[in-house]
Amino acid sequence: MKVAAVQMDIKILEKERNLAKILESFEAAARAGAKLVVFPECALPGYCYTSREEALPVAETVPGPSTEKIAAAAKRLGVTAVVGMLERVDDSIFNAAVVITPEGIQGSHRKIHLLHLGIDRYDVPGDVPFPVFQATQAKIGVNICFDCSFPESGRVLKLKGAQILAIPTNWPVGSDTWAHIPRVRAIENHLYVIAADRVGEERGFRFAGHSQIIDVTGEALVD
């Protein structure tokens, strides 16, 4: 099974622009033979919000307009996508990652461990246990960024049957989390790990871009 991590420069508040880039990269990965494509944390809306009110207009329900467009592409291409977004439920916002297979929208993981940074200062901690999603060729679990810093976040997914751990993330320049955590989670749980980090700068916050694909022995297949 060929997989891909998309490392992209995301523009805050430019959801339509980001969605176009997601769909373009999704097509390119599919043409290269990927059957699973992972995108960064908050790939649709951006991350460095200064208030809940600023973020509300770019938060969407699941299903919603953007996820429906990605679902149409997933069906046409026969490829699964994991995409970071802001999920809106009534008046609450979750930092979430939606999992979309060729069969449709399977659901989302809502980030449980929140840092005092960006939108995570204003959103709501994940309110459901870590889910496992059945893709065409594998069972997928998701950790969003800081989630993966806690061993239990990966372990519970392994015990639920996950074979791949997808990590949509926004690792910043200056953090060395990327150098250790994905390999450790792969080794201790015998999971493949796909970490999709972003690049560029957003409101003075620079991102490291250390996307990587790790095998079950902790070896980097791509980094």
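The values are calculated or read from the model by the stated rules, or taken from the named source; none is laboratory data. None of these values were measured; they are calculated from a predicted model. Cβ placement follows ideal geometry from the backbone for every residue including glycine, while neighbour counts extend to all protein chains displayed. Keep in mind that these areas ignore ligands, DNA and RNA; they rest on the heavy atoms of the full protein, side chains included. Shrake-Rupley method; radii C 1.70, N 1.55, O 1.52, S 1.80 Å.
At a probe radius of 1.4 angstrom, the accessible area of region 104-223 per residue rounds to 43 square angstrom.
If the chain linking R31 and K11 were pulled fully straight, counting 0.36 nm for each residue of separation and taking away their Cα-Cα distance, it would gain 4.7 nm. For V156, the solvent-accessible surface with a 1.4 Å probe is about 50 Å², rounded to the nearest 10. Summarising the label geometry, the points placed 7 Å from Cα in the beta-carbon direction at A72 and H190 lie 4.3 nm from one another.
Accessible area ranking (1.4 Å probe, heavy atoms, ligands and nucleic acids excluded), largest first, for Y47, Y192, Y122: Y192, Y122, Y47. Based on the Cα atoms of the chain, what semi-axes does the equivalent ellipsoid have, where each is the square root of 5 times one gyration tensor eigenvalue, given in whole Å with the largest first? The answer is 23, 20, 17 Å, longest axis first. The residues T67, T217, sorted by heavy-atom accessible surface at 1.4 Å with ligands and nucleic acids left out, run T217, T67 from largest to smallest. Shown are L221, L36, whose ranking by accessible area with a 1.4 Å probe and every protein chain present, most to least, is L221, L36. DSSP beta bridges fully contained in region 97-175 are about 75 percent antiparallel.
Once all protein chains are placed together, K139 keeps about 80 Å² accessible to a 1.4 angstrom probe.
Each residue, L115 and F150, gets one label point 7 Å from its Cα in the Cβ direction; the gap between the two is 1.6 nm. Helical content alone sets the calculated 222 nm signal of the chain at -7500 deg cm²/dmol, taking -39,500 (n - 2.57) per DSSP H segment of four or more residues and averaging over every residue. Could you report the accessible area of E54 in Å², rounded to 10, computed with a 1.4 Å probe on the protein chains as they sit in the structure? Answer for E54: close to 40 Å² accessible.
Taking the DSSP bridge list for the chain and keeping only pairs wholly inside it, about 60 percent are antiparallel.
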